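The values are calculated or read from the model by the stated rules, or taken from the named source; none is laboratory data. Just so it is clear, the structure is predicted and the values come from calculations on it, not from any experiment. Every residue, glycine among them, receives a Cβ derived from its backbone with ideal geometry; neighbour counts consider all protein chains shown.
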Amino acid sequence: MTRPKAHAQVTVSKNGPYLVVGDIALAKQTTVADAEGGSQAWEEGPPLEHAATYALCRCGHSKSKPFCDGSHQKVGFDGTETAPREPYLDQAKVMNGPVHALTDVENLCAFARYCDPNGQVWSQVADTENPQVRENFLRQVNRCPSGRLVAWDRSTGEPVENPLPVSIGLIEDPVEKCSGPLWLRGGIPVIAADGFAYEVRNRVTLCRCGQSKNKPFCDGTHAAIHFRD
């Protein structure tokens, strides 16, 4: 796992924006679909200019997205955090295959759909002795931005995680014609408004439409409401 920059951190402010410190890189990350419309790859846009410390919109109403413009105060945004605080593995369902295991925390789903092509990862895990299936399985699981899904090497008990740069992605989903969550990559600490430190993970997605029922994390609501940045 990529180590975060010194002092890199995202803090959830009470009923307000995400406060980002540590000069964390920021860029659009757009889903590239295959011929059938399945999520296939990520395309990174040019870096967005920002200060070393900046505030990202959490309510979904800013006129200067992705940055906060104070709209949360005008709309009376309720940003109450409702996500479980147990570690990922304490929440996860485990599916064991002969070579790999798959852990899944469904309430973290950001509806990016990298799990679906090639027969879905939940089926693939049972056949990862097959080199082609294994390649597809590991690629698709690692492209899940929310970290809902994690692959594990059963011989070592270690997660099979691609290293990610310490950065924040602004997800765009052309297939669903909507803007997705903030994709925190590379082990960026997230601190709750009450000071609780969420588990540091290689990849998580934070809600930026303001409507998630699993705040501060994304639950895929942006697709249902066709949220646009």
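Numbers at a glance
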quantity	calculated
Sole residue being exposed (fewer than 11 other Cβ atoms within 10 Å of the Cβ) and touching a strand residue (DSSP E or B) at 6+ places or on another chain (Cβ under 8 Å), chosen from Lys63, Lys74, Lys93	Lys93
Unmet requirement for Trp122, which otherwise passes all of (1) within 24 Å of Ala224 (Cβ to Cβ); (2) in contact (Cβ under 8 Å) with a residue 40 or more places away in the chain	(2)
Search result, residues across the stretch 35-48 that are acidic (Asp, Glu) and under 11 Å from Tyr114 (Cα atoms)	none
Check on Ser146, among the polar types (S, T, N, Q), in the same structural domain as Gly60 (by TED's automatic domain parsing) and modelled with pLDDT of 95 or more	no
Per-region count, the stretch 108-138, residues among the hydroxyl-bearing types (Ser, Thr, Tyr) and buried (at least 16 other Cβ atoms within 10 Å of the Cβ)	2
Top-ranked residue of the stretch 139-157 - restricted to ones that are touching a helix residue (DSSP H, G or I) at 6+ places or on another chain (Cβ under 9 Å) and not hydrophobic (A, V, I, L, M, F, W, C), ranked as surrounded by the most Cβ atoms within 10 Å (Cβ to Cβ)	Ser146
Some residue of the stretch 27-44 being over 27 Å from Asn130 (Cα atoms), touching a Leu at 6+ places or on another chain (Cβ under 6 Å) and of a type in the set (Lys, Arg)	yes
Any hit, the stretch 116-130, residues being aliphatic (A, V, I, L, M) and farther than 30 Å from Ala151 by Cβ	no
Matching residues in the stretch 38-92 - criterion: being part of a loop (DSSP other than H, G, I, E, B), more than 23 Å from Asp173 (Cα to Cα) and among the hydrophobic types (A, V, I, L, M, F, W, C)	Ala51, Ala52, Phe77, Ala83, Ala92
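Yes/no matrix, rows are residues, columns are (1) under 22 Å from Gln140 (Cα atoms); (2) over 11 Å from the mean Cα position of the chain (by Cα); (3) of a type outside the set (Asp, Glu):
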site: Val166; (1), (2), (3): yes, yes, yes
site: Asp173; (1), (2), (3): yes, yes, no
site: Cys178; (1), (2), (3): yes, yes, yes
site: Pro181; (1), (2), (3): yes, no, yes
site: Ala197; (1), (2), (3): no, yes, yes
site: Thr205; (1), (2), (3): yes, no, yes
site: Lys215; (1), (2), (3): no, yes, yes
site: His222; (1), (2), (3): yes, yes, yes
